[in-house]
1. Pick from segment 246-271 the residues that are in a loop (DSSP other than H, G, I, E, B) and surrounded by 14 or more Cβ atoms within 10 Å (Cβ to Cβ): which of them is nearest to the chain's Cα centre (by Cα)?
2. Do we have any residue at all in segment 531-542 that's farther than 29 Å from residue 27 by Cβ, in a strand (DSSP E or B), without any contact (Cβ under 8 Å) to a residue 40 or more places away in the chain and outside the structural domain of residue 52 (by TED's automatic domain parsing)?
3. Looking at segment 223-245, which of its residues are modelled with pLDDT of 95 or more, touching a strand residue (DSSP E or B) at 6+ places or on another chain (Cβ under 9 Å) and small (Gly, Ala, Ser)?
4. With the requirement that a residue be more than 34 Å from the chain's Cα centre (by Cα) and not β-branched (Val, Ile, Thr), what does segment 278-290 give you?
5. List the residue pairs whose Cβ atoms are under 6 Å apart, where the first residue sits in segment 72-85 and is in the same structural domain as residue 119 (by TED's automatic domain parsing), the second is in a loop (DSSP other than H, G, I, E, B) and β-branched (Val, Ile, Thr), and the two are 6 or more positions apart or on different chains.
6. What tally of residues in segment 78-137 results from selecting those that are in a loop (DSSP other than H, G, I, E, B), basic (Lys, Arg) and surrounded by 14 or more Cβ atoms within 10 Å (Cβ to Cβ)?
7. Could you grab me the full set of residues in segment 407-426 that are in a loop (DSSP other than H, G, I, E, B) and at pLDDT below 95?
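The values are calculated or read from the model by the stated rules, or taken from the named source; none is laboratory data. Remember, it's a predicted structure, so these values are computed and weren't measured experimentally. Cβ: placed from backbone, ideal geometry, glycine included. Neighbour counts: every protein chain shown.
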Amino acid sequence: MKHMLTFFLCAFTLVGMAQNPHSGTNPFIISEIMYNPPESGDDSLEYIEITSLVSVELNLGGYFFSAGVIDTFTSDVVLPANGTLVFAKNASALKNVFNGVNARQWKTGALKNGGEEVAISNPNGFVVTNVTYGSSSAGWPAEADGNGASLELCELTPDINDQSKWSYSRSNTGIIINGKEVAGSPGAPNTAECGGVVNPNTVVVRDFSFTPAEITIQEGETVTWDFQEGHHNVNGTQSTFPSNPASFKSGEPSPAPFTYSFTFNVPGDYSYQCDPHSTIMRGKVHVIPNNPTVTYPVRTIGQISTVDSDGKADSLDVLCEVKGIIYGVNMRATGLSATIIDANRDGIGLFNSKKDFGYNVNEGDEVVVRGKVDQYNGLTQIAVDTMWLSSSNNSVFDPRVVTALDESTESDLVVLSNMTLKDPNEWQKGKTFNATITDGTNDYTMRVVNVTTLSNSDAPSGAFTIIGLGGQFDSSSPYTEGYQLLPRKLEDLKPVSSVKDAISNQVRVFPNPTSGQLFIASKLNIQKIDIVNSIGKIVVSKSGNIHILNTQNLQPGCYWLMVTTENGVGVKNFIKQ
């Protein structure tokens with residue numbers, strides 16, 4: 001039975017090989033619950049949302065609610081890769097209130113207002129995901145207990161029974177029931193905020209770092225140092241740093257936890273250090289003077305990113321403040337070059353040639369940006385004056401499938417399918433370069449930047465699918481040409497399944513299951529082998545013509561071999577006992 005269950009789980013996720021950023025082993029989780037909508041009598045708006053944690057389409061035929069409500073899923077219930085499914089008490093009522101959201105109506109039962117366990121099990125009875133929620137009397141958000149909002153995960157993590165990971169939805173619908181506005185995001189990214197939103201003027205102090213090491217603020221704003229571990233202090237006195245416009249100091253080094261705050265009323269650049277660790281723990285505060293003649297009106301990205309018929313930005317040189325979610329990485333080794341996309345899927349570039357504002361670019365961060373709308377070789381962007389982090393671990397859109405690169409793909413996450421390199425000699429490993437890719441009819445420009453992990457890989461052979469951010473480099477008006485695709489990372493390039501299957505058929509692995517050595521037999525010239533776990537994470541990587549692998553250090557479960565050969569990449573699954 002153990003082997004049968006493991007084989008079932010292998011088949012469940014075999015088609016997905018993309019690396020997944022989530023920890024844990026759950027292929028999907030319960031991500032939102034509307035258990036006590038603000039209705040009188042029968043609560044028709046109850047619903048449960050699940051979210052996939054894997055880049056694989058999952059057929060849930062035979063799965064069933066084993067706690068909370070009653071329903072067994074039919075074979076047409078399919079959870080999209082990295083997507084969502086919504087289950088409702090009354091699918092029609094849900095569709096009317098939540099702007100046409102389609103849901104599967106469960107068979108019978110209702111969610112208890114006082115709290116209960118909700119669980120989904122696979123056909124063998126194994127619980128895949130479960131959570132026990134509670135009412136406001138048990139410390140759960142009052143906003144979700146009959147006051148209009150749903151419960152939402154603020155972080156997509158398999159550890160959904162951590163109550164701190166749940167809060168109430170901020171997605172207001174404008175629908176008022178019994179004097180309370182309904183809020184929820186069934187089938188859409190969650191908007192809950194757990195804990196305090198990251199204060200843009202907070203520096204975290206740990207062993208042995210200030211994070212961020214540099215911070216930019218406005219004159220009159222306060223910076224708080226949050227000492228979380230170690231035995232440290234903050235010393236920004238003029239006796240230590242004579243060029244500082246003013247002195248500040250937290251006192252003598254003390255054990256964490258504690259906080260220290262200082263209000264910077266004099267513009268300029270300030271340096272500071274931790275006295276016992278002055279060689280490794282240093283920071284800076286950049287204080288921008290308040291200028292009443294300079295304002296940054298709050299705008300949406302869609303309002304400032306439009307262009308005219310010649311591709312010229314309509315809002316060129318306009319000052320503004322916008323916010324959005326970071327996609328990809330910082331494309332510059334120094335300074336800032338990044339992309340943000342908002343909830344409306346409008347995107348824009350961010351650029352500063354010298355400053356990164358003490359911010360380490362991470363995909364999924366929501367940032368607030370102030371600056372001037374600029375355009376560089378046709379690419380609309382914001383010349384950033386200042387920025388700060390608003391929140392982290394936000395959901396990002398799936399890539400949009402396109403067949404052309406144009407103005408509509410600029411600063412959006414898109415995917416081109418069935419591509420090949422037109423000239424493999426254009427691939428310059430470890431460098432920034434442009435390569436022409438083609439589907440056999442149309443050619444596209446792929447720009448690989450040397451700060452991305454893809455730059456350090458070998459040129460792909462055979463057909464592949466490529467994900468990236470839309471860019472543009474057109475040096476003259478009209479700015480209607482020069483569109484590019486910029487991959488974010490190595491995992492954005494995926495061999496197509498036809499090539500993968502052809503290679504896979506020429507590779508044999510044994511014994512399977514294995515408890516020790518795994519042998520690989522193939523007449524192909526193997527260049528590299530990666531072992532990938534059940535959530536798509538590479539756990540072992542070996543280069544060379546490998547034919548024997550030691551699996552003793554792997555946890556029992558289902559794994560895949562990604563076998564890279566000179567002809568392409570193949571995939572074989574195996575079980576570690």
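1. Per the stated criteria, the residue is 256.
2. Looking for residues that are farther than 29 Å from residue 27 by Cβ, in a strand (DSSP E or B), without any contact (Cβ under 8 Å) to a residue 40 or more places away in the chain and outside the structural domain of residue 52 (by TED's automatic domain parsing), one finds none in segment 531-542, hence no.
3. Residue satisfying the conditions is 236 alone.
4. Quick first cut of segment 278-290, residues more than 34 Å from the chain's Cα centre (by Cα) only: 278-279, 289-290.
Within segment 278-290, 278, 289, 290 qualify.
5. 81/56
6. Result for segment 78-137: 2.
7. Of everything in segment 407-426, those that are in a loop (DSSP other than H, G, I, E, B) and at pLDDT below 95 turn out to be 422, 423.
Residue-wise test of (1) in contact (Cβ under 8 Å) with a residue 60 or more places away in the chain; (2) part of a strand (DSSP E or B).
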| position | (1), (2) |
| --- | --- |
| 290 | yes, no |
| 326 | no, yes |
| 329 | yes, no |
| 332 | yes, no |
| 370 | yes, yes |
